[in-house]
Amino acid sequence: MTRTRRAAPRLPLAPLALVLAAALALAGCGGRATTHHKPGTSHQEDTGSSGTLLPGRDEAGHRLRELPAADAPTVRAEALPDSEGGWNVHLVVERFRFTPESTGGAALPGRGHARLLVDGRETARLYGPWGYVPPGAHTLTVRLHADDHTVWAVAGAPVQATLRLGTGPTTSGPGRTATSPPTTSPPVTSPSPRPTSSPAPDPGRTVTITITGKTVAPPPSRIELKKGERLTLRVTGDRADTVHVHGYDRELPLVPGTPATLSLTVDRTGLFEVETHESGLVLTQLVVR
């Protein structure tokens, strides 16, 4: 008598493939992929050294992030009166660069943004070296922050510069925390007789320049000036940029469609170019004799 052997039941192929794929995913790849670094940084960057968080906070509630003095950034600030009121603020930083593209990411030494505190109240962020403060301000503090919004600090003090705003250009001194010298009132004297008439001061020469795309109007030329003469540049551009007067280290921020004015006394002889930083356009040349 011949016995017939029964075949073992076969499992459907589709469910079996799904089970094997899931097992391989867990065993070969270490489970579900995760990321531990913050937005805007790589995993290697986020796990690196980025200073020590201190228990204290500034007046706006931001944590302080301590760095050694040799590695910490520094900031110096200059406030220039704007022709339409308020102040144009220029920052000079060392061991630091502005990184707007990674704001909200990990704190990396030498990166971040600045914040303006007007009369002790935080009012704006700066993602570049230029900013504006409206009229009515008395003191200005510029403070450097990391990308994660903590405050860079040295020896428990924020990295900042403080200015007292007056009627003329004001510059903070070098270092991590700098304050402009206080102004002193002149001695009170008896009023002297006022002259019946006085000659009006010479306003000097005014040059008006318009920038449209890559076109400068009037076309760039040479302006002949005498040493000691007063010159006013009135520039209007169709995009954000900065005008730089070479040899005098004077700069003028441009806001699209808004005329900007820069006045100076040409007290150096020679040939000096006036150009834009971003677009690299030559606006004019100054010949001082």
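The values are calculated or read from the model by the stated rules, or taken from the named source; none is laboratory data. Remember, it's a predicted structure, so these values are computed and weren't measured experimentally. Here Cβ is always computed from backbone atoms with ideal geometry, including for glycine, and neighbour counts include all displayed protein chains. Please note that ligands, DNA and RNA were not included when accessible areas were found on the heavy atoms of the full protein model with its side chains. Shrake-Rupley method; radii C 1.70, N 1.55, O 1.52, S 1.80 Å.
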If I filter the stretch 138-149 down to residues being closer than 13 Å to residue 116 by Cβ and in contact (Cβ under 8 Å) with a residue 60 or more places away in the chain, which single residue comes out as surrounded by the most Cβ atoms within 10 Å (Cβ to Cβ)? 144
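Please state which one of 130, 152 is of a type in the set (Phe, Trp, Tyr), touching a residue at least 60 places away in the same chain (Cβ under 8 Å) and within 21 Å of residue 252 (Cα to Cα). Give the steps one after another, and end with the answer.
On the way: 152 fails: within 21 Å of residue 252 (Cα to Cα).
From the options 130, 152, the qualifying one is 130.
I need a count of the residues in the stretch 212-239 that are open to solvent by 80 Å² or more (accessible area, probe 1.4 Å) and either in a loop (DSSP other than H, G, I, E, B) or touching a helix residue (DSSP H, G or I) at 6+ places or on another chain (Cβ under 9 Å) (or both). Let's see the steps before the verdict.
Residues of the stretch 212-239 open to solvent by 80 Å² or more (accessible area, probe 1.4 Å): 212, 214-215, 219, 222, 224, 226-227, 230, 234, 239.
In the following step, the residues that additionally are either in a loop (DSSP other than H, G, I, E, B) or touching a helix residue (DSSP H, G or I) at 6+ places or on another chain (Cβ under 9 Å) (or both) were identified as 214, 219, 226-227, 239.
Selection size over the stretch 212-239: 5.
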Output the number of the condition that residue 119 fails; it satisfies all remaining conditions of (1) open to solvent by 30 Å² or more (accessible area, probe 1.4 Å); (2) more than 29 Å from residue 258 (Cβ to Cβ). (2)
With criteria (1) out of contact with any strand residue (DSSP E or B) (no Cβ under 7 Å at 6 or more places or on another chain); (2) of a type outside the set (Asp, Glu); (3) under 14 Å from residue 82 (Cα atoms), residue 239 comes up short on (3)
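Has the stretch 28-37 got at least one residue that is open to solvent by less than 80 Å² (accessible area, probe 1.4 Å), assigned to a helix (DSSP H, G or I) and either more than 27 Å from residue 111 (Cβ to Cβ) or modelled with pLDDT under 90 (or both)?
Yes; the residues of the stretch 28-37 include at least one that is open to solvent by less than 80 Å² (accessible area, probe 1.4 Å), assigned to a helix (DSSP H, G or I) and either more than 27 Å from residue 111 (Cβ to Cβ) or modelled with pLDDT under 90 (or both).
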Could you grab me the full set of residues in the stretch 240-289 that are exposed (fewer than 14 other Cβ atoms within 10 Å of the Cβ), hydroxyl-bearing (Ser, Thr, Tyr) and in a strand (DSSP E or B)? 258, 265
Of residues in the stretch 70-100 being surrounded by fewer than 16 Cβ atoms within 10 Å (Cβ to Cβ) and under 13 Å from the mean Cα position of the chain (by Cα), the one nearest to residue 259 (Cα to Cα): 92
